[in-house]
Amino acid sequence: MAESGKDKIIAGVLIAVIIVAAGVFAYYNLPKNENKENGVPILTVSYGNETYTYTLSQLEKIDDFSGKGSYKTSHGFIREAKGYTGVRMTELMDEIGAACNHGIEVIADDGYSVNYTCDEINGNVTVYDFSGNETGNGGVTMILAYSEDGDYNFDDGPLRIAYVNGQGTITSSKLWVKHVVEIKVI
């Protein structure tokens with residue numbers, strides 16, 4: 001009788017392990033870019049009286065610019081450089097007919113927003129060395145990133161502002177808005 005009870009417990013544990021393993025397998029094999037597959041709008045851009053919505057696929061067709069970028073936090077920490085792919089902000093503005101004599105307001109999904117000047121849109125921002133010391137201005141490109149190190153489902157996405165170039169230059173974290181959902185030309 002005791003053997004029968006042990007067998008039932010072992011069978012129950014085995015079933016639980018199989019169910020958990022199947023769930024983990026299914027999770028890791030989900031599509032990496034669900035918004036792209038579904039054609040779900042992930043960005044709203046407004047300029048004057050016009051409003052435009054974009055899916056991930058539409059943003060990829062506008063521009064596919066890649067580079068490396070890093071930022072210095074307000075506490076002085078330097079984040080490791082990562083590879084980003086996205087739409088150059090100047091290209092997105094051209095797409096809607098907005099000359100770069102305008103600024104933009106970038107809004108995150110929690111309502112947080114940052115205003116950018118034309119100079120900042122063109123990459124004329126303060127850059128830092130690995131010790132966090134200012135080294136000058138410019139040499140980077142502002143992008144609306146939709147991929148981080150090749151991953152569409154990165155923690156700060158699906159869209160974020162990034163400043164990139166070939167070297168992974170460091171800029172201020174204040175410029176790197178994450179979870180972007182809206183851009184207003186101002």
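Quick notes on this structure:
Residues are listed down the side, and each one gets a yes or a no for (1) under 16 Å from Thr73 (Cβ atoms); (2) surrounded by fewer than 18 Cβ atoms within 10 Å (Cβ to Cβ); (3) not β-branched (Val, Ile, Thr):
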| residue | (1), (2), (3) |
| --- | --- |
| Tyr128 | yes, no, yes |
| Asn153 | no, yes, yes |
| Thr169 | yes, no, no |
| Ser172 | yes, yes, yes |
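- Filtering region 53-76 to residues that are assigned to a strand (DSSP E or B) and touching an Asp or Glu at 6+ places or on another chain (Cβ under 8 Å) leaves Phe65, Ser70.
- In region 113-126, the residues that are touching a strand residue (DSSP E or B) at 6+ places or on another chain (Cβ under 8 Å), under 20 Å from Met93 (Cα atoms) and surrounded by 14 or more Cβ atoms within 10 Å (Cβ to Cβ): Ser113, Val114, Tyr116, Glu120, Ile121, Asn122, Gly123, Asn124, Val125
- Identity of the residue in region 24-47, outside any helix (DSSP H, G or I) and modelled with pLDDT under 95, that ends up surrounded by the most Cβ atoms within 10 Å (Cβ to Cβ): Asn33
- Region 77-96, subset part of a strand (DSSP E or B) and in contact with a Lys or Arg (Cβ under 8 Å, 6 or more places away or on another chain), residue nearest to Glu182 (Cα to Cα): Tyr84
- Matching residues, region 97-112, being surrounded by 17 or more Cβ atoms within 10 Å (Cβ to Cβ) and part of a loop (DSSP other than H, G, I, E, B): Ala98
- Residue within region 65-75 that is over 15 Å from the mean Cα position of the chain (by Cα), surrounded by 18 or more Cβ atoms within 10 Å (Cβ to Cβ) and modelled with pLDDT of 95 or more present: yes
- Scan region 114-126 for residues that are without any contact (Cβ under 8 Å) to a residue 40 or more places away in the chain and not in a loop (DSSP other than H, G, I, E, B) and the total you get is 3.
The values are calculated or read from the model by the stated rules, or taken from the named source; none is laboratory data. Here the structure is a predicted model, which is why all the values come from computation and not from measurement. Glycine gets a Cβ as well: all are built from the backbone with ideal geometry, and neighbour counts include every protein chain shown.
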